[in-house]
Structure formats: structure tokens, C-alpha cells
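Taking it in order: structure first as C-alpha cells, then the write-up.
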Amino acid sequence: MPTPPPRQPQDLMQLLTRAERLAARRLQTVLDEDGCSLDSWRVLALLADGEGHYMTAVAEAVFLPPPTLTKLVDHLVDQNLVYRRVDPLDRRRILAHLTPRGQSYWRRINREVRERWPVLSNGDDELLRGLLERLVDTLEGVSAESAR
């Protein structure tokens, strides 16, 4: 019996891309019911910890260029879901926080997403999370090495 050829990087990219797009489509279906975009959901999820986050850190965490994030946060401010404040320790920096309305909104949509999110069986969710974290760490390490 012949040995199957080894998987190529493009095979992994194909699977990761397909999984990401299917997951985003599933998530967007739930979010559409509440008038929330995927990018808004990512921002709200980050701010839900109540810590307040610098706009630059939010942009990096949600994979948006700063000007795009600013427009999105402007929209969330207009909806009274987010507010911005000058950092008291560094007046040049802006911190974003959820408003009380934003906290309620986040709790509701997060509950709806969790209720409708497919769960893998027998600890596979944690296995997948662990493998993806290892992949990210490995790729970040390779990127850091090639930047030197």
C-alpha cells in the first residue's frame, strides 16, 4: 500500500481558511439578529473584561487598521455601547470601555452566540484551542526569527 504524500502548507491553509469562513458565517448569522457586525463583536468581547483598553491594543487584538477601528468605535459610541476616556496616567492615550448599556448588550449577544455555537465532542474544543495556540506561537516565533 503506497504511503500518502505528506500534507503541504497549502492544505493546512485551505482547512484553516475554510474553518474560519464557516465559523464567521455561523457567528454572523447569530449577530445579524442583534444588528451586530463580526468586528463589533470582537471589540465588545475584548472590552467586556471591564479593564479598559488602549485603542492601539484594540486595533491589534481585533485585526483592524487603526483608522478602521476608529470609525467602528465611533459607531459603537453613537450607539451608547462604548465610551472613550483619556488615560489618566498618559494623557496622550485613549482607553475604550463598555458603557452599562454595552455590558448588557454584550451579555445578551454572548449568551446567544454560546447557545448556538457548535461544540466539538470529548474535549476536542480544548484540543483544537491548544493546537491553534501552538500554531500561532510557532508562526510568531518564525516571524520574529526572520525579522532579525
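Data for the structure
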| quantity | calculated |
| --- | --- |
| Among 16, 56, 113 - extreme Cα towards positive end, dipole of segment 1-134, charges at beta-carbon | 56 |
| Helix 100-116 vs. the chain, principal-axis angle (Cα, 0 to 90°, nearest 10) | 20 |
| Carbon/sulfur fraction of accessible area - segment 1-111, other protein chains in place, 1.4 Å, % | 55 |
| Scattering profile of the chain at q = 0.09, 0.10, 0.16, 0.18 Å⁻¹ [log10 I(q)/I(0), Debye over alpha-carbon scatterers] | -0.40, -0.48, -1.06, -1.22 |
| Between helix 66-78 and the chain: long-axis angle, C-alpha atoms, 0 to 90°, nearest 10 | 50 |
| Virtual spin-label span in nm between residue 129 and residue 70, 7 Å along Cα→Cβ | 3.5 |
| Folded to 0 to 90 degrees: helix 38-47 orientation relative to the chain principal axis, Cα | 70 |
| Whole-number accessible area per residue in Å² for segment 3-141, which is evaluated in the context of all protein chains at 1.4 Å | 71 |
| Exposure ranking of 117, 106 by accessible area [1.4 Å probe, largest first] | 117, 106 |
| Relative contact order (%) - the chain, alpha-carbon pairs under 8 angstrom, separation at least six | 20 |
| Sites residue 120 and residue 11 - FRET efficiency at Förster radius 25 Å, r taken between beta-carbons, to 0.05 | 0.75 |
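The values are calculated or read from the model by the stated rules, or taken from the named source; none is laboratory data. As the structure is a computational prediction, the values presented were derived from the model and not from experiment. We place every Cβ from the backbone using ideal geometry, glycine too, and count neighbours over all the protein chains shown. SASA here: full protein model, heavy atoms, side chains in, ligands and nucleic acids out. Shrake-Rupley method; radii C 1.70, N 1.55, O 1.52, S 1.80 Å.
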